[in-house]
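*Asks:* Pasting a structure here, questions to come.
The values are calculated or read from the model by the stated rules, or taken from the named source; none is laboratory data. These numbers come from a predicted model, not from an experiment. Cβ placement follows ideal geometry from the backbone for every residue including glycine, while neighbour counts extend to all protein chains displayed. Accessible surface is based on the protein model in full, side chains and every heavy atom, while ligands, DNA and RNA are left aside. Shrake-Rupley method; radii C 1.70, N 1.55, O 1.52, S 1.80 Å.
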Amino acid sequence: MVEMDGMKMVQSRAILNYIAAKYNLCGKDLKEKALMDMYIEGMMDLGEMIMHHPFKPADAKEKDLALIIEKATTRYFPVFEKVLKDHGQDYLVGNKFSRADVQLLEVILMTEEEVKPDILSKFPLLKVYKGRISNIPMIKKFLQPGSARKPPMDEKQFADAIKIFY
């Protein structure tokens, strides 16, 4: 739950949409908003695969990890690499920082940290993009150790989650 502007908000996407609208991170027109929605939903699909991976049965983990890597490198990241190549701009949509940029950075970091550290090795534009977005002052500060960014679960948190899940 997030309390903001006198409201108590729940549901991650509702919160993200509210913050993006409040700070003008939604695009300048309906076309840009539609592009962002399309890209963000793809990013969320990949992110959910990664988040569910630790909860897979032990005998399915290797196959699941291979599927995540395969989809990240043949479906998701190629799309974003192509978008950046085709329009030649610094940001994903409209050459202006947006919620889509935040979400793409998050899914890149999540994939590198929890799946495969060199996942971007065949995506040079995404590597440059990651560096550029990571160095925006507020994002750079947020990514520093000790910030509010939630790290991957440790073994105790994972064990507690498994107890609740099952």
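Residue-by-condition table, conditions (1) farther than 22 Å from E41 by Cα; (2) of a type in the set (K, R); (3) free of Cβ contacts under 8 Å to residues at least 12 places away in the same chain:
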residue	(1), (2), (3)
A66	no, no, yes
S98	no, no, no
L105	no, no, no
V115	no, no, no
D118	yes, no, yes
I136	yes, no, no
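*Asks:* Sticking with this one: Exactly one of (1) open to solvent by less than 40 Å² (accessible area, probe 1.4 Å); (2) within 19 Å of I108 (Cβ to Cβ) is unmet by L67. Its number?
*Replies:* Going through the list (1) open to solvent by less than 40 Å² (accessible area, probe 1.4 Å); (2) within 19 Å of I108 (Cβ to Cβ), L67 breaks only (1).
*Asks:* Of the residues A34, A66, A100, A58, only one is closer than 25 Å to A14 by Cβ, over 16 Å from the mean Cα position of the chain (by Cα) and aliphatic (A, V, I, L, M); which?
*Replies:* On the way: A66 fails: closer than 25 Å to A14 by Cβ; A100 fails: over 16 Å from the mean Cα position of the chain (by Cα); A58 fails: closer than 25 Å to A14 by Cβ.
The match here is A34.
*Asks:* Go through the stretch 67-98 and report how many residues are of a type in the set (S, T, Y) and touching a Leu at 6+ places or on another chain (Cβ under 6 Å). Give the derivation first.
*Replies:* Kept after step one, since they are of a type in the set (S, T, Y), are these residues of the stretch 67-98: 73-74, 76, 91, 98.
Going one step further and asking which of them are touching a Leu at 6+ places or on another chain (Cβ under 6 Å), we end up with 76, 98.
Residues meeting the conditions: 2.
*Asks:* Go through the stretch 118-146 and give me each residue that's within 15 Å of P78 (Cβ to Cβ), open to solvent by 30 Å² or more (accessible area, probe 1.4 Å) and not in a loop (DSSP other than H, G, I, E, B). Walk me through it before giving the result.
*Replies:* Restricting attention to the stretch 118-146, the residues satisfying the condition of being within 15 Å of P78 (Cβ to Cβ) are 119-127, 129.
Subset that is open to solvent by 30 Å² or more (accessible area, probe 1.4 Å): 121-122, 124-125, 127.
Result: P124, L125, K127.
*Asks:* Let me ask another. Only one of (1) more than 26 Å from K116 (Cα to Cα); (2) of a type in the set (G, A, S); (3) in a helix (DSSP H, G or I) is not met by G27, so which one is it?
*Replies:* Looking at each condition in turn, G27 falls short on (3).
Each row is one residue, and each column tells you yes or no for (1) free of Cβ contacts under 8 Å to residues at least 60 places away in the same chain; (2) more than 26 Å from E113 (Cα to Cα).
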| residue | (1), (2) |
| --- | --- |
| E3 | yes, yes |
| L16 | no, no |
| L46 | no, no |
| M51 | yes, no |
| D59 | yes, no |
| K63 | yes, no |
| T73 | yes, no |
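*Asks:* Only one of these conditions is not met by M49: (1) part of a helix (DSSP H, G or I); (2) within 20 Å of S98 (Cβ to Cβ); (3) within 17 Å of the chain's Cα centre (by Cα). Which number is it?
*Replies:* If we test M49 against (1) part of a helix (DSSP H, G or I); (2) within 20 Å of S98 (Cβ to Cβ); (3) within 17 Å of the chain's Cα centre (by Cα), just (2) comes out false.
*Asks:* So, one more: What do you reckon, is A60 open to solvent by 40 Å² or more (accessible area, probe 1.4 Å) and part of a helix (DSSP H, G or I)?
*Replies:* No.
Here is a yes/no grid of residues against (1) in a loop (DSSP other than H, G, I, E, B); (2) touching a helix residue (DSSP H, G or I) at 6+ places or on another chain (Cβ under 9 Å); (3) loosely packed, with under 15 Cβ neighbours inside 10 Å:
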site: M36; (1), (2), (3): no, yes, no
site: Y76; (1), (2), (3): no, yes, no
site: D86; (1), (2), (3): no, no, yes
site: A100; (1), (2), (3): no, yes, no
site: L104; (1), (2), (3): no, yes, no
site: T111; (1), (2), (3): no, yes, no
site: K116; (1), (2), (3): yes, yes, no
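*Asks:* Determine which single condition L92 fails, assuming it passes every other condition in (1) open to solvent by 30 Å² or more (accessible area, probe 1.4 Å); (2) outside any helix (DSSP H, G or I).
*Replies:* (1)
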